[in-house]
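The values are calculated or read from the model by the stated rules, or taken from the named source; none is laboratory data. Since the structure is predicted, the reported quantities are computational estimates derived from the model, not experimental observations. FYI the Cβ positions are ideal-geometry reconstructions off the backbone, even for glycines, and counts take in every protein chain you see. Each accessible area value is taken on the protein alone, full model and side chains, heavy atoms only, with ligands, DNA and RNA left out. Shrake-Rupley method; radii C 1.70, N 1.55, O 1.52, S 1.80 Å.
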Amino acid sequence: MKNYRLRLAVAIAGLCIVFACKSQGNKEENENIVQSESTLDTEEKIYRPNYHFTPKVGWMNDPNGMFYYNGYYHLYYQHYPDGNKWGPMHWGHAISTDMVEWKEQPIALFPDEKGYIFSGSAVVDLENTSGFGSDGQVPIVAMFTYHDPIKAESSKMDVESQAIAYSLDEGLTWTKYSGNPVIENPGIRDFRDPKVYWNQEHEKWVMVLAAHDMVMFYGSKDLKSWELLSDFGGDWDKAIGTHGGVWECPDLFPIPVEGSEEIKWVLLVSINPGGPNGGSATQYFIGDFDGTKFTMDNDFEAILKKDHNFWIDFGKDNYAGVTFSNVTSKDGGKFFMGWMSNWEYANEVPTETWRSAMTVAREIKVIKDDKSYRLATLPVDEIDTYNGVKYKKENIKVNGDTALINEEKVDLSRAAINFTISELKKDSFTFKLSNKEGDLLTFGYYGADNTFFIDRSGSGKTEFSKTFSNKKSIAERISGSGKLTGTILLDKTSIELFFDEGSTVMTEILFPNAPFETLSIETVSQDFVLDLLEVNELKMN
Ligand code: FRU
């Protein structure tokens, strides 16, 4: 393969940056989680999200192996159950019937003598191509990365390899394959996060994995023996995408372009660091895949070269997200979840019992405007079935700081808010979320430069990290429409903003000292009208 030797030195440096930090957390600081009743109680009341998934106890990062089968969605995740910082990785497990409410299950995969169980994917092997199924039982096959912590401490290259495991009880318990690893390390230290899908047209499994600063595609007929097909993104002279950090957790899938018969291929690639607002984030590429090679769409490539703004989320807290296998929406959309944190401060956030939550499940669509293709992501429809107190107001004249919700008893730490501004003009506006403790979270839109922002510098506890709130997060507005719509999802410790039908998304976490209770909007414009505000309290069953 091209350029490997050239990359060697950088690969070592890259790995040291990525995993030295993570393992330091483990060796020197990770302690058993022992807490007083009162800390526990405070954390549960103030920080445990109302409707985002968190593990009961311990550390969590990337979502892994998500699939749907027989009425259940499965979410596995990078998990260290014995500490609240990154450590020896297991696959935790949770199930759901609607991707909203998750029930934690026993741990699915434990680390062993071959190493930690790093990120990966799972597929439903309906035709039993792997031969793991017996008595008509459909096998679920997971593919993950073994990360050898002993080799990682040395200067060895073959730290990571790919392995499989199978489940004959629909994802509850797993057996690791005796022939592991199924893909040996080819001499690249960062070589991980396999994502597998069934390529119907060429009747084979295709897998994409991250190899330091590029992705590699592999093919297989039986999920056990794999052949290298091609790679993408690593030609430094061409500088495809951003390369501010190591590439991780890729995903490749076909998806119909909204409102047409056309099919496009989406390649997601997480990068850490190098995100648009610092630290970890997920970029994407749109093009075609011929069964062997991924090629970017020409228009897409032209815009990408000029101005890289193809991020699935511009906020600081949506990383390593991938899609569910064996399921699409009725329009062919893919379901996605990400890890709601950032490697800049994930190990330091002010919870002790557990660390990190997942984003809500989102539906990804491909839309085409006059210039190129883009992704749009919105919360899955199932969120709307959780109905509590509702509040609706139309034609709100905004001038100065205008109260929106305070008297009304809507719980703003479990709320889905939709708003519409029919005539945006060049107005700037700021939503303000506040509480009795004087914490303030602001987010909104700057008309002068056509950008959205989130400012969490006054939102509560921020001092645990220098980079948590030293800068406002900014996102370019993609849509040029004079009408602006938005969906705001609020939980106790997160905000997810979906502007213009999901064409610009921002997700961030926060740690207020008390629940937010008041929402207002501020603008200096004399004729600013908020045409619609609808609030739905997300009442869980
Ligand atoms: C991404 C990542 C993956 C790796 C996992 C280890 O956040 O670094 O590349 O498999 O986390 O926990």
Open item on the list: Cβ-Cβ under 9 Å, sequence separation 6+ or interchain: first residue in segment 96-122 and without any contact (Cβ under 8 Å) to a residue 40 or more places away in the chain, partner more than 16 Å from the ligand (Cβ to nearest atom) and of a type in the set (Lys, Arg). Which pairs?
Closed with: SER96/LYS103
- [ ] Quick one: in segment 75-88, of everything that is within 23 Å of LEU168 (Cα to Cα) and near the ligand (Cβ under 10 Å from one of its atoms), which residue is surrounded by the fewest Cβ atoms within 10 Å (Cβ to Cβ)?
- [x] GLN78
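Please determine whether any residue of segment 492-509 is in a strand (DSSP E or B), polar (S, T, N, Q) and open to solvent by 10 Å² or more (accessible area, probe 1.4 Å).
No - not one qualifying residue is present in segment 492-509.
Filter segment 290-323 down to the residues that are of a type in the set (Lys, Arg) and within 16 Å of the ligand (Cβ to nearest atom) and list them by number.
Within segment 290-323, just LYS316 meets the criteria.
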TODO: Starting from residues that are away from the ligand (no atom under 16 Å from the Cβ) and outside any loop (DSSP other than H, G, I, E, B), keep the ones in segment 324-344 and report whichever is surrounded by the fewest Cβ atoms within 10 Å (Cβ to Cβ).
DONE: PHE335
Open item on the list: Please count how many residues of segment 230-288 are farther than 21 Å from ASP307 by Cβ, without any contact (Cβ under 8 Å) to a residue 24 or more places away in the chain and assigned to a strand (DSSP E or B).
Closed with: 1
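Can you tell me which residue is farthest from ASP491 (Cα to Cα) among those in segment 431-476 that are of a type in the set (Ser, Thr, Tyr) and open to solvent by 30 Å² or more (accessible area, probe 1.4 Å)? Lay out the reasoning, then the answer.
Taking segment 431-476 as the starting set, the residues that turn out to be of a type in the set (Ser, Thr, Tyr) are 434, 442, 445-446, 451, 457, 459, 462, 465, 467, 469, 473.
Within this subset, residues satisfying the condition of being open to solvent by 30 Å² or more (accessible area, probe 1.4 Å) are 434, 446, 457, 467.
Values: SER434: 14, TYR446: 25, SER457: 18, THR467: 22 Å.
Only one residue fits best here, namely TYR446.
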- [ ] Give the residues of segment 212-262 that are among the acidic types (Asp, Glu), modelled with pLDDT under 95 and crowded, with 20+ Cβ neighbours inside 10 Å, sorted by residue number.
- [x] ASP213
TODO: Keeping to segment 124-170, report how many residues are within 15 Å of the ligand (Cβ to nearest atom), farther than 17 Å from PHE67 by Cα and among the aliphatic types (A, V, I, L, M).
DONE: 3
Open item on the list: Being surrounded by 15 or more Cβ atoms within 10 Å (Cβ to Cβ) and out of contact with any strand residue (DSSP E or B) (no Cβ under 6 Å at 6 or more places or on another chain): is that true of ASP411 here?
Closed with: no
- [ ] Pull up segment 101-123, narrow it to residues that are within 24 Å of TYR197 (Cβ to Cβ) and touching a Pro at 6+ places or on another chain (Cβ under 9 Å), then point me to the one that is farthest from the ligand (Cβ to nearest atom).
- [x] SER121
Open item on the list: Pull out all pairs, ordered by first then second residue, where Cβ-Cβ is under 6 Å, the residues are six or more apart or on different chains, the first lies in segment 490-507 and is at positive phi, and the second is part of a loop (DSSP other than H, G, I, E, B) and at pLDDT below 95.
Closed with: ASP500/SER479
Task: One residue from LYS156, LYS85 being under 22 Å from the mean Cα position of the chain (by Cα), in the same structural domain as ALA357 (by TED's automatic domain parsing) and part of a loop (DSSP other than H, G, I, E, B) - done: LYS85
TODO: Among the residues of segment 49-72, write down those that are more than 16 Å from the ligand (Cβ to nearest atom) and either buried (at least 24 other Cβ atoms within 10 Å of the Cβ) or outside any strand (DSSP E or B) (or both).
DONE: PRO49, ASN50, TYR51, HIS52, PHE53, THR54, LYS56, VAL57, ASN70, GLY71
Open item on the list: All but one of (1) surrounded by fewer than 24 Cβ atoms within 10 Å (Cβ to Cβ); (2) in contact with a Gly (Cβ under 8 Å, 6 or more places away or on another chain) hold for LEU172; state the number of the condition that does not hold.
Closed with: (2)
Task: Filter result (surrounded by fewer than 22 Cβ atoms within 10 Å (Cβ to Cβ) and within 13 Å of the ligand (Cβ to nearest atom)) within segment 275-288 - done: none
Task: Where a residue in segment 150-167 is open to solvent by 50 Å² or more (accessible area, probe 1.4 Å) and its partner, wherever it lies, is in a helix (DSSP H, G or I), with Cβ under 9 Å and at least six apart - done: GLU153/SER23; SER155/ILE12; LYS156/ILE150; ASP158/LYS151
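Yes/no matrix, rows are residues, columns are (1) farther than 18 Å from ALA514 by Cβ; (2) under 21 Å from the mean Cα position of the chain (by Cα); (3) outside any loop (DSSP other than H, G, I, E, B); (4) touching a residue at least 12 places away in the same chain (Cβ under 8 Å):
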{"position": "GLY444", "(1), (2), (3), (4)": "yes, no, yes, yes"}
{"position": "ALA448", "(1), (2), (3), (4)": "yes, no, no, yes"}
{"position": "ILE454", "(1), (2), (3), (4)": "yes, yes, yes, yes"}
{"position": "GLY460", "(1), (2), (3), (4)": "no, no, no, yes"}
{"position": "THR467", "(1), (2), (3), (4)": "yes, yes, no, yes"}
{"position": "LYS471", "(1), (2), (3), (4)": "yes, no, no, yes"}
